[in-house]
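Encoded as structure tokens, the structure appears first; notes follow it.
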Amino acid sequence: MPDLIITNIGTLVSGDWENPVLDCDTVAIRGGLIDAVGGAELLSRYPDAQVLDAMGVTVAPGLIDSHCHPCVGDYTFRQKTADFLESEVHGGVTTMISAGEPHFPGRPKDAAGAKAQAIFLSKCFRNQSPLGAKIHGGALILEQGLVEADFAEMAREGVWLVGEIGLGSVKSPADAAPLVEIAKRYGFKVAMHTGGTSIPGSSPVSADDVIRTGPTVAFF
């Protein structure tokens, strides 16, 4: 991947709330990551870089959608919506984190199937990059019968997310907490929806449920 210089930036937003706007107009990118920020002097430091004239536009870090439900590819079956991931990119979102893919047609609800789906979709979304966005998919839906060896295998295959607790057959804190503890040992981040219900058949989740379950992230 060649070096890239973005110059003639009108406003450069840092993403740091204590210093939100930088007095710089040039960004150097190497290996797909920001390597340096400054002024025109960067042009000489990266002589072989491709140069992109920003023509005075504002450049800011991409937004993160930390709770989405992709299905497969850039399509979701529940809403019959195509290209919604690309639409997020057009709105400034460059990273999306799945809270589970429960709407996959025929979603397996046994332990082996849940594990297979998580590995499969995790790899699919790593291979797919709508408009260059990062899609962290393949969030495991907890099902009865999952054991520590399953988490170890998924971790080896690159799975690191557990979708919203309650999407599968594991719903109560008593059932979920032991699996959450195992998941955390293998580096998984665990999501838990809180508050009122969102779809028919779901149950309210209280603060006590969250405390007893111990997820990494709880959201409304």
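In the range 155-169 there is at least one residue that is surrounded by fewer than 13 Cβ atoms within 10 Å (Cβ to Cβ) and either of a type in the set (A, V, I, L, M) or out of contact with any Pro (no Cβ under 7 Å at 6 or more places or on another chain) (or both). Flag: Asp65 does not match the condition of being charged (D, E, K, R) and either more than 30 Å from Thr216 (Cβ to Cβ) or open to solvent by 80 Å² or more (accessible area, probe 1.4 Å) (or both). Across the range 170-191, the number of residues qualifying as part of a loop (DSSP other than H, G, I, E, B), closer than 22 Å to Thr95 by Cα and hydrophobic (A, V, I, L, M, F, W, C) comes to 1.
Yes or no: the range 39-62 includes at least one residue that is within 28 Å of Val190 (Cα to Cα) and open to solvent by 40 Å² or more (accessible area, probe 1.4 Å). Yes. Taking the stated definitions as given, is Gln128 surrounded by 15 or more Cβ atoms within 10 Å (Cβ to Cβ), modelled with pLDDT of 95 or more and among the polar types (S, T, N, Q)? Criteria not met by Gln128. Across the range 32-70, the qualifying residues are those that are part of a loop (DSSP other than H, G, I, E, B) and closer than 29 Å to Ala99 by Cα, and the one among them that is modelled with the lowest pLDDT is Gly32.
Yes/no per residue for (1) under 30 Å from Leu140 (Cβ atoms); (2) in contact (Cβ under 8 Å) with a residue 40 or more places away in the chain; (3) of a type outside the set (D, E, K, R); (4) in contact with a Leu (Cβ under 9 Å, 6 or more places away or on another chain):
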residue: Leu22; (1), (2), (3), (4): no, no, yes, yes
residue: Ala28; (1), (2), (3), (4): no, no, yes, yes
residue: Leu33; (1), (2), (3), (4): yes, no, yes, no
residue: Glu41; (1), (2), (3), (4): no, no, no, no
residue: Arg45; (1), (2), (3), (4): no, no, no, no
residue: His67; (1), (2), (3), (4): yes, yes, yes, no
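Just a yes or no: is a residue in the range 177-199 without any contact (Cβ under 8 Å) to a residue 24 or more places away in the chain and either of a type in the set (A, V, I, L, M, F, W, C) or outside the structural domain of His69 (by the TED database) (or both)? So far as the range 177-199 goes, yes, one or more of its residues are without any contact (Cβ under 8 Å) to a residue 24 or more places away in the chain and either of a type in the set (A, V, I, L, M, F, W, C) or outside the structural domain of His69 (by the TED database) (or both).
Here is a yes/no grid of residues against (1) over 24 Å from Val210 (Cβ atoms); (2) outside the structural domain of Asp209 (by the TED database); (3) assigned to a loop (DSSP other than H, G, I, E, B):
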position	(1), (2), (3)
Ser122	yes, no, no
Arg126	yes, no, no
Leu131	yes, no, no
Gly138	no, no, yes
Glu143	no, no, yes
Leu146	no, no, yes
Met154	no, no, no
Gly168	no, no, yes
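Scan Phe77, Phe120 and give me the residue that is farther than 30 Å from Val21 by Cα, of a type in the set (Phe, Trp, Tyr) and surrounded by 15 or more Cβ atoms within 10 Å (Cβ to Cβ). Exactly one of Phe77, Phe120 is farther than 30 Å from Val21 by Cα, of a type in the set (Phe, Trp, Tyr) and surrounded by 15 or more Cβ atoms within 10 Å (Cβ to Cβ), namely Phe120.
The values are calculated or read from the model by the stated rules, or taken from the named source; none is laboratory data. The model shown is predicted, which means the values in this text are computed figures rather than measured ones. Neighbour counts run over all protein chains shown; Cβ positions are idealised from the backbone, glycine included. Heads up: the accessible areas ignore ligands, DNA and RNA and are worked out on the full protein's heavy atoms, side chains in. Shrake-Rupley method; radii C 1.70, N 1.55, O 1.52, S 1.80 Å.
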